[in-house]
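This report refers to the structure that appears directly beneath it.
The values are calculated or read from the model by the stated rules, or taken from the named source; none is laboratory data. From a predicted model like this one, the values you see are computed outputs, not experimental measurements. Virtual Cβ from ideal backbone geometry, glycine too; neighbours counted across all protein chains shown. Note: areas computed on protein heavy atoms with side chains; ligands, DNA, RNA excluded. Shrake-Rupley method; radii C 1.70, N 1.55, O 1.52, S 1.80 Å.
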Amino acid sequence: MYRIEQVAKTIDHAVLKPDQTLADLEANAKMCAKYGVFSMCVKPCDIKAAKELLKDSDVKVSCVLSFPHGADATPVKVFQAQQAIEDGVDEIDMVMNIGRFLSGEYEYVLQDIKAVVEVAHQHGILVKVIQESGFLTPEQIAKACELSYEAGADYVKTSTGFGPGGAKPEYIDVMVKTVGAKMKVKASGGIRSWEDAVAFLDQGADRLGIGSTETVLKGGVADGDY
């Protein structure tokens, strides 16, 4: 049996919808502090504000990078990482270049991830690689995990929450089997109930990306698609 506090400590609470305002950021930061989630995951422009809002709590600030398609050129991703670190981010969730991966350009994808990891690790910042598993076959999910590991990333992550599929047990199964002994795994996208959350933890996920955190922790079922 999991306690609310235990599950909260695995959650990166997502405040990533394009229409979420600074007032939304403030309301979400209060909720994050109240429940003691691990981090609040924000858009890059919101890192400084989030750090200020959460300064009296233990909640970390994570951010997305090259979100949601991973399509920025590698030097742009490196600059984004440097800017995020300068703004005070604690962890970075970068999107793998999905189109290049599906083109079979594995060396490009490897170097793209590695470039961000090298900058982040110089500052002790963890990097999670979002592969958008809903676009991939099980074999491709495994390959993306292997590339992320080879590039030195700390976590593999299912999805942005804006692509197809979200987090599914079969995706987590492949991730855990492929790199679970040497990397951490984050289930993200469409986790809308307590049952969903604890099922992923039982499967071996180390972190959960959730947008409806309060509803989930209260045992309800969230509406919507994120």
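Scan segment 141-189 for residues that are in contact with a Lys or Arg (Cβ under 8 Å, 6 or more places away or on another chain) and within 22 Å of Ser39 (Cα to Cα) and report the count. Looking only at that region, the number is 12. Among the candidates Val59, Val76, the residue that is closer than 17 Å to Glu118 by Cβ and either out of contact with any helix residue (DSSP H, G or I) (no Cβ under 6 Å at 6 or more places or on another chain) or modelled with pLDDT of 95 or more (or both) is uniquely Val76.
Conditions (1) under 14 Å from the mean Cα position of the chain (by Cα); (2) free of Cβ contacts under 8 Å to residues at least 60 places away in the same chain; (3) surrounded by fewer than 23 Cβ atoms within 10 Å (Cβ to Cβ); (4) within 21 Å of Asp206 (Cα to Cα), marked per residue:
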| position | (1), (2), (3), (4) |
| --- | --- |
| Met1 | no, yes, yes, yes |
| Thr21 | no, yes, yes, no |
| Ser39 | yes, yes, no, yes |
| Pro44 | yes, yes, yes, no |
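Go through Gly152, Gly161 for me and flag whichever is out of contact with any Gly (no Cβ under 8 Å at 6 or more places or on another chain) and of a type outside the set (D, E, K, R).
Just one listed residue meets the conditions, Gly152.
This table checks each residue for (1) open to solvent by 10 Å² or more (accessible area, probe 1.4 Å); (2) over 15 Å from the mean Cα position of the chain (by Cα); (3) in contact (Cβ under 8 Å) with a residue 12 or more places away in the chain; (4) within 29 Å of Gln82 (Cα to Cα).
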| site | (1), (2), (3), (4) |
| --- | --- |
| Gln131 | no, no, yes, yes |
| Thr137 | yes, yes, no, no |
| Gln140 | yes, yes, yes, no |
| Lys143 | yes, yes, yes, yes |
| Thr158 | no, no, yes, yes |
| Phe162 | yes, no, yes, yes |
| Glu170 | yes, yes, yes, no |
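Based on what the data block shows, is Ser193 within 18 Å of Glu91 (Cβ to Cβ), modelled with pLDDT of 95 or more and among the hydroxyl-bearing types (Ser, Thr, Tyr)? Outline the logic, then answer.
Details: within 18 Å of Glu91 (Cβ to Cβ): no; modelled with pLDDT of 95 or more: yes; among the hydroxyl-bearing types (Ser, Thr, Tyr): yes.
No: the conditions fail for Ser193.
Taken as a whole, the structure places Glu86 among residues that are under 19 Å from Lys60 (Cβ atoms) and at pLDDT 95 or above. The set of residues in segment 99-124 being open to solvent by 10 Å² or more (accessible area, probe 1.4 Å), touching a residue at least 40 places away in the same chain (Cβ under 8 Å) and among the hydrophobic types (A, V, I, L, M, F, W, C) consists of Leu110, Ala115, Val119.
Taking Met1 as the residue in question, decide whether it is touching a His at 6+ places or on another chain (Cβ under 8 Å) and within 16 Å of Leu217 (Cβ to Cβ).
no
The combined condition, being open to solvent by 30 Å² or more (accessible area, probe 1.4 Å) and over 22 Å from Ser159 (Cα atoms), is fulfilled by Tyr35.
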